[in-house]
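Working notes, beginning with the structure itself.
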Amino acid sequence: MQFPSSWLQGASRGEAIACELRLRIINGTLRPGEILSENRIAADFDSSRSPVREALRTLSNEGLIRLERMGVVILGLNMKDVEELYDVRFLIESFVQQRLAADVPPALITQLRNIIDKMQLAGKHQDAVEFAYQDLTFHETIVEAAAHSRISHLWKSIRYVVMTVMLLTTRRVFAQGEPKVTAVIEKHRSLATALESGDKVLIQNGVRTYFKDSGQTLHESFEFGT
């Protein structure tokens, strides 16, 4: 299994299979156009076909595969797909931070700073998996704090693809050395500081700067097809 086992606590067998297949698709182990069968997947994971079908429905809904009579066709992600994914993230995070600006809960800022401390500790110990998990938690905490059910639903629809891309980009960041890791931590610290200010212009500029830099990291981390 390439997907971190620590991220699968409480996951069903179908969810765990989906997470592993998703990672293999996004990191290119499974290539676009490749055809798999339910039986092959079930054998690879030493699983019955029911969890496999659950996993394949999830991946189909995410647009990563196409279900056909002959089997499962891998669609994968190209750079345009990932850029669009980050466009959606930008829209979500811009909205929720603007929504929170009028009345930022002090407890939220404390929570975000605690998460940044955990990122810093993970960076110190060269733990890319924990760093990526805390990175995801940082953004998810802000989304949840907005208490907007439809936005929350939209976030959950992209969460696992975002999580997987974040894991891969974090590994790339760690490979570039301590200064790059520190820069990522400081980006999150800047987001928290802007949010704490309650200044909508400062918040919006912070989110825009964050995602512009993240877009550059995406292009450095992946060699997608067109």
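Laid out as a table, the results:
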{"read-out": "Long-range lysine pairs (8 or more apart or interchain), the chain, Cα under 16 Å", "value": "5"}
{"read-out": "Accessible-area ranking of THR209, THR137, largest first, probe 1.4 Å", "value": "THR209, THR137"}
{"read-out": "Heavy-atom accessible area per residue - the chain, 1.4 Å, Å²", "value": "51"}
{"read-out": "Region 93-114-region 127-169 distance, computed between alpha-carbon centres (Å)", "value": "15"}
{"read-out": "Fluctuation leader among ARG22, ARG172, ARG150 - the chain, Gaussian network, Cα springs under 10 angstrom", "value": "ARG150"}
{"read-out": "Carbon and sulfur %, accessible surface of the chain computed with the full protein complex present, 1.4 Å", "value": "49"}
{"read-out": "10 Å-binned pair-distance histogram of region 79-221 (Cα, whole percent)", "value": "11, 45, 37, 7"}
{"read-out": "Region 63-120 pair-distance distribution - Cα-Cα, 5 Å bins, rounded %", "value": "4, 13, 12, 13, 14, 12, 10, 9, 6, 5, 1"}
{"read-out": "Region 9-74 - Rg over Rh from alpha carbon coordinates, Kirkwood radius", "value": "0.92"}
{"read-out": "Span per principal axis, largest first, for the Cα atoms of region 1-153 (Å)", "value": "54, 33, 28"}
{"read-out": "Binned Cα-Cα distances of region 182-221, short to long, each 5 Å bin given as a whole percent", "value": "6, 26, 29, 21, 12, 5, 2"}
{"read-out": "Mean residue ellipticity (222 nm) of the chain, computed from DSSP H runs ≥ 4 via -39,500 (n - 2.57), nearest 500", "value": "-24500 deg cm²/dmol"}
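The values are calculated or read from the model by the stated rules, or taken from the named source; none is laboratory data. In this text the structure is predicted, and so the values were computed from the model without any measurement. In case anyone asks, the SASA skips ligands and DNA or RNA and just uses the protein heavy atoms, side chains included. Shrake-Rupley method; radii C 1.70, N 1.55, O 1.52, S 1.80 Å.
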